[in-house]
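Here's the structure, in structure tokens; my notes come after.
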Amino acid sequence: MEFMILPLLHGVVYDESVKWQPSLISNRPTLYGRLFLNESLLLGAPRLRQIRVKSNTCHVHQAFARYYNTCMAAYSADKELTEPFYMGTKFKTMDELNALPIQGRVHTYHSGGYVRPLSYNKDVNMGLIRHLKEIEWLNRGSRVVAFEINMINLNMGLLIGTKLIFEILPTGLINAKYDSKSIYSNPVITSSGGFILGCAVVVYVINFYYTYVEIKKLYLKGYKTFFTIQAVLNIPSIGIIYLSLIYTIYFGIYKRIIDEKINAVTYHFISLDYLILTYSFHENAFGILVFLTWMNLLRFMDFNPVLRNLGVAMQIASADLVAFAVMFLIAFIAYGNLGLLLFGSENEDFRNFPTAFLTMLRLLVTDFDYFQLEHESKILGPIFFLTYILLIFFVIMAPRYPEWAAAHELNQPLDESKLEELLLIKENTEIESDLGL
């Protein structure tokens, strides 16, 4: 901390000789000590947090009794030290800090801990760190120490939340972890400009139309419409769209608060934990929305009688490979988009759409790291994998289903000539029904 982190933090600060000034900043004195690498502005002074355990929370073995008279166990919620003060630092809960649990390599720490705010001034921070070192603020009872710093990149419009986490085990081993997450300060318009905004408008319009369709069906046919395949695909999409609107409003309000604090001379730490969490949920929800939108295309394979008859003719001619390829491609695109939006920010196998599409092919031949996918998300990872395997299995087996059904109806071994006769009879019956004969 003393020799690496703080020198890096204060290595490049605001200098009057630098003529560049972001348009977002209207009060130049607020730049002093807050401008990092002349591009990012600190959102409040950094802070230190530590979570501790109580003394005498485990048994001291007789062999070590002459060396230690106290024992401090591994972290757990019931053994955590929650006294109001510890060596001049105040204990705060996660709600008071507006923070989320700290994810370590061994444990997840559901607590705020003892907080020590820092300053924008290098000399003040160095003196504070040396003082904490002298009074042994960290000792055998410390289980995790987090250095938190939030900033906004003024060039790219990115809100960045960074944590340096040092997990201290009872054995004395220290696990270091770097956790940095970023989100755009504008949730719609990114570096792609109007293209993303245009796509968002199209998606909203389509799903508003789905809302009208579902309400009309509910009015005409009652609650039975909720149990159709079309409703299963449309209703979740409608819900995601309206949740997205709520999120956009929430993000706009929170962003306005951040903009006000940027120009204020304040040392108060601005937490981005919940904003980043809701953005992650919003991103996952839109991934599911894109997936459902692609899957809706499968319904139009049976759009009118001509397409139905064409499908039967392709089966009779044993040329259903084209239909199979189309369904296979749609499933690949749907799951490729889903994997890209769910895991693309952390998993190299889904870093872009071509790579995600190739990963879908590799998964079928078991050239795939499932455990890495599960590590990214213990819930969405397994669901993504299992549903993909099951869907592809049924897509592969679907072309053979009419033959099995025909063989079962004839109650005899499968015969190609009788199968063709049965399918032709079915085709003629459907044509007569369409003509009203």
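In this structure, is Asn121 assigned by TED's automatic domain parsing to the domain that holds Arg49, within 23 Å of the chain's Cα centre (by Cα), closer than 16 Å to Leu43 by Cα and surrounded by fewer than 19 Cβ atoms within 10 Å (Cβ to Cβ)? Criteria not met by Asn121.
Of all residues assigned to segment 165-177, none qualifies as being surrounded by 19 or more Cβ atoms within 10 Å (Cβ to Cβ) and of a type in the set (Ser, Thr, Tyr).
Would you confirm, using the coordinates I've provided, whether Thr293 is assigned to a helix (DSSP H, G or I), at pLDDT below 80 and hydroxyl-bearing (Ser, Thr, Tyr)? Criteria met by Thr293. In segment 251-264, of all residues being in contact with a Leu (Cβ under 9 Å, 6 or more places away or on another chain) and in a helix (DSSP H, G or I), the one that is nearest to Tyr209 (Cα to Cα) corresponds to Phe251. Within segment 243-262, is there a residue that is touching a Ser or Thr at 6+ places or on another chain (Cβ under 6 Å), over 15 Å from Ile183 (Cβ atoms) and either not assigned by TED's automatic domain parsing to the domain that holds Phe384 or not small (Gly, Ala, Ser) (or both)? No, the conditions are met nowhere in segment 243-262. Among the conditions (1) surrounded by fewer than 16 Cβ atoms within 10 Å (Cβ to Cβ); (2) farther than 29 Å from His110 by Cα, Asn234 misses just one, which is (1).
Among the residues of segment 265-276, are any surrounded by fewer than 11 Cβ atoms within 10 Å (Cβ to Cβ) and part of a helix (DSSP H, G or I)? No, the conditions are met nowhere in segment 265-276.
The values are calculated or read from the model by the stated rules, or taken from the named source; none is laboratory data. Owing to the predicted nature of the structure, the values given are computational and were not obtained by experimental measurement. Virtual Cβ from ideal backbone geometry, glycine too; neighbours counted across all protein chains shown.
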